[in-house]
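Comments concern the structure below.
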Amino acid sequence: TSQASGATVSANALSNNWYAAAPYLMPLDNNPPSAAEIMDASGLKAFQLAFILAPNGGGCTPTWDGTAAVSSDTAVGNVIAAIRAKGGDVSVSIGGYGGTKLGQACSDAASTAAAYQQVITKYQLHAIDFDLEEPEYENTAAVAHELGAAKILQQNNPGLYVSVTTAGTAAGT
C-alpha cells in the first residue's frame, strides 16, 4: 500500500477505469464459472455482467436474459457480493444481441431510465453499459429511449460511468 492524497491506496485496488476492460460474465446462463475462482486464478478484478432485457412475455421491467426478474433476484446479487468481497466490482450490460431491450418495450426515455434505475439501485452499481445491437439498432425510437435513459441515469446518479457498445461488422456500424 502507499499514501496518495492522504488516502491509503492498495496495489490491488481497482483503477479509476476498471470498467474499460471487464470481460463478460453471464451469471445465470451458459453454466458460468465461479467469478471468485476466476479472480483467484487470474488476478482479474472486474466483470461485465450480461444481459439486462425486458421480460420475454413483454413489459417494462428489468430481467436477466428476459427470464429472471431483477426485483426478486438473489443469485446475481450473491455473485456481485462475492466479487466485491475480493476487492473487485461489476458493470452491468443492458441489451446485447437478441431478446427485447427495455428501450423497445418501454414507452419513452423516462420509463426506460426508471427500469434501469431499479438495476442500479438493487446492485449499487458504479458502471453500466448500453449494448445497442439487433433488433433495436435499426429502431430509432428504441435507440432514443436507451440514449435518453443514459442521460437521465447520469443526471440522477452522480459518478455513474455509462458506456455505449454498438455492433460492428466489416460494413461498419
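The values are calculated or read from the model by the stated rules, or taken from the named source; none is laboratory data. In this text the structure is predicted, and so the values were computed from the model without any measurement. So basically every Cβ, Gly included, is an ideal-geometry build from the backbone, and we count neighbours across all protein chains shown. Areas reflect the complete protein model, heavy atoms only, side chains present, ligands, DNA and RNA absent. Shrake-Rupley method; radii C 1.70, N 1.55, O 1.52, S 1.80 Å.
Checking each residue in the range 115-151 for being modelled with pLDDT of 95 or more, under 20 Å from GLY58 (Cα atoms) and under 11 Å from the mean Cα position of the chain (by Cα) picks out TYR116, VAL119. Of GLY66, GLY58, all but one fail to be open to solvent by 30 Å² or more (accessible area, probe 1.4 Å) and part of a loop (DSSP other than H, G, I, E, B); the exception is GLY58.
Answer with yes or no whether ALA68 is touching a residue at least 40 places away in the same chain (Cβ under 8 Å) and either among the aromatic types (Phe, Trp, Tyr) or closer than 23 Å to GLY148 by Cα (or both). So ALA68 fails the test.
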